[in-house]
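Data block below; observations after.
The values are calculated or read from the model by the stated rules, or taken from the named source; none is laboratory data. What you see is a predicted model, and the numbers here were worked out from it, not measured in a lab. When we count neighbours, we look across all protein chains shown, and the Cβ atoms used for this are built from the backbone with ideal geometry, even at glycine. Surface areas here come from the heavy atoms of the whole protein model, side chains and all, with no ligands, DNA or RNA. Shrake-Rupley method; radii C 1.70, N 1.55, O 1.52, S 1.80 Å.
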Amino acid sequence: EIVLNGRGEPKELWYMDARRTFPKRERAGGPLIYINKTMAGEERKLTADHVLHLKGLGNGIVGRSVISLARESMGLSLAAEKTGAAFFGNGTRLSGVLETDGTLGETGVTNLKKSWGEHHQGAGNTGSVPVLEEGVKWKPMSIPPDDAQFLETRQFQVVDVARWFNVPPHLLYDLSRATFSNIDSQQIQFVQYTLMPWLVKWETILRWRLETDAEKDQRIFPQIDVRALLRGDVKARFTGYKLGIDAGWLTREDVRRLEDLDPKAGLEKPLKQMNMDTIDVDGNTEAKPVAAKPAAAEPAPEPEDESEAEEEPSATDAERAAAVVRSHLPSMMHIAGKLLRREAKAA
């Protein structure tokens with residue numbers, strides 16, 4: 001349930017038990033409402049704007065339960081479990097028959113079954129030597145477990161359950177097809193194809209129901225971080241960090257944050273490699289222009305007397321401007337040369 005404040009903005013979220021909450025439409029084409037039954041037995045009617053409902057595949061109003069859709073597969077798995085329990089509970093052998101040429105009364109049959117069960121039934125009595133009386137013979141009717149393919153059936157059920165929930169079998173501890181070379185790729189596929197559709201649903205409905213106009217203007221949005229699930233081994237992870245730091249788009253402080261380490265001063269700025277240079281359109285390394293130092297002005301001759309010093313004119317603005325042009329001329333010529341080469345190549 002979404003609780004709004006006085007301005008109509010989401011303030012709180014309260015969990016409602018899905019077993020006591022039912023979405024419905026009171027009439028065809030009408031608005032969607034939710035009926036919530038409290039623990040006291042009261043019914044509350046909520047509009048869709050006040051409910052955060054994450055829907056799975058279904059009829060558009062409510063999603064279908066995966067277990068209800070896969071009940072046949074689940075039932076087969078439970079039947080295999082019961083068969084296995086009964087199989088090993090009877091001394092790892094299927095039932096056989098006790099034969100006799102004579103006729104046993106009801107009391108004799110009951111005593112024989114009880115005696116046989118106490119001494120030869122169960123895993124603890126496996127291999128015990130039976131002693132038969134009155135011409136009774138044991139005729140086994142068992143088949144080897146391999147012929148019954150019991151273990152293969154149980155292993156298939158694990159894969160079948162994993163298929164319904166779209167989960168890699170190795171996460172259900174079926175490592176028959178898992179190797180050191182494909183376990184990382186299976187983990188990535190689990191995030192991409194199992195979790196990501198649900199995470200997109202979460203992010204979409206949170207943005208749709210909970211974002212205010214002010215948060216949209218400030219570009220504040222919900223996002224579920226799955227980087228912890230995509231972490232590889234230490235060597236691969238640190239190699240990726242080094243590539244990002246060397247390229248300049250990842251700082252050392254970013255790496256510490258990704259590794260859940262405390263911040264450290266002086267690691268916030270990106271690094272750049274000093275042994276790299278840019279190249280021009282022709283593939284040649286561009287030479288860095290060296291700004292020419294302005295020529296030192298020649299010292300003026302000392303005047304012979306005060307009258308001569310007063311008559312000597314000072315440097316004009318035109319001369320100072322010419323000195324500035326001379327100092328920047330190499331840089332301007334370098335830039336002009338680059339432009340001309342590009343224009344020539346384009347032409």
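So which trypsin sites (Lys or Arg not before Pro) in region 149-212 are both in a DSSP loop and have at most 13 other Cβ atoms within 10 Å of their Cβ?
Here the sparse-neighbourhood loop sites are Arg177.
Go through Lys11/Lys216; Lys24/Lys45; Lys269/Lys338; Lys216/Lys269 and tell me which ones have a Cα-Cα distance over 22 Å in this structure. Exceeds cut-off: Lys269/Lys338; Lys216/Lys269. Each residue of region 171-184 was assigned a 3J(HN,Hα) from its phi angle through the Karplus curve 6.51 cos²θ - 1.76 cosθ + 1.60 (θ = phi - 60°); the sequence is 6, 9, 6, 9, 9, 5, 10, 8, 10, 5, 7, 10, 5, 5 Hz, with glycine and proline shown as x.
Apply the a/c threshold of 1.5 to the C-alpha gyration tensor of region 202-253 and tell me whether it is rounded, prolate or oblate. The shape class here is oblate.
Could you look at region 159-248 and say what percent of its accessible area is carbon and sulfur, using a 1.4 Å probe and all protein chains? Answer for region 159-248: carbon and sulfur cover 60 percent of the accessible area. Looking at region 225-270, the chymotrypsin sites (Phe, Trp or Tyr not before Pro) that sit in a DSSP loop and have at most 13 other Cβ atoms within 10 Å of their own Cβ are Trp249. Counting only residues at least eight positions apart within a chain, or on another chain, the lysines with an alpha carbon under 21 Å from that of Lys114 are Lys137, Lys139.
Label positions at Leu76 and Leu329, each projected 7 Å from the Cα along the C-beta direction, are separated by 9.0 nm.
Maximal additional length on extending the Ile67-Glu12 stretch stands at 16.7 nm, based on 0.36 nm per residue less the C-alpha distance.
Annotation for Thr100 and Asp233: the two label points, set 7 Å from Cα along the Cα-Cβ direction, are 6.8 nm apart. Between Glu211 and Thr194, the distance separating the two model label sites (each 7 Å from Cα on the Cα→Cβ line) works out to 2.9 nm.
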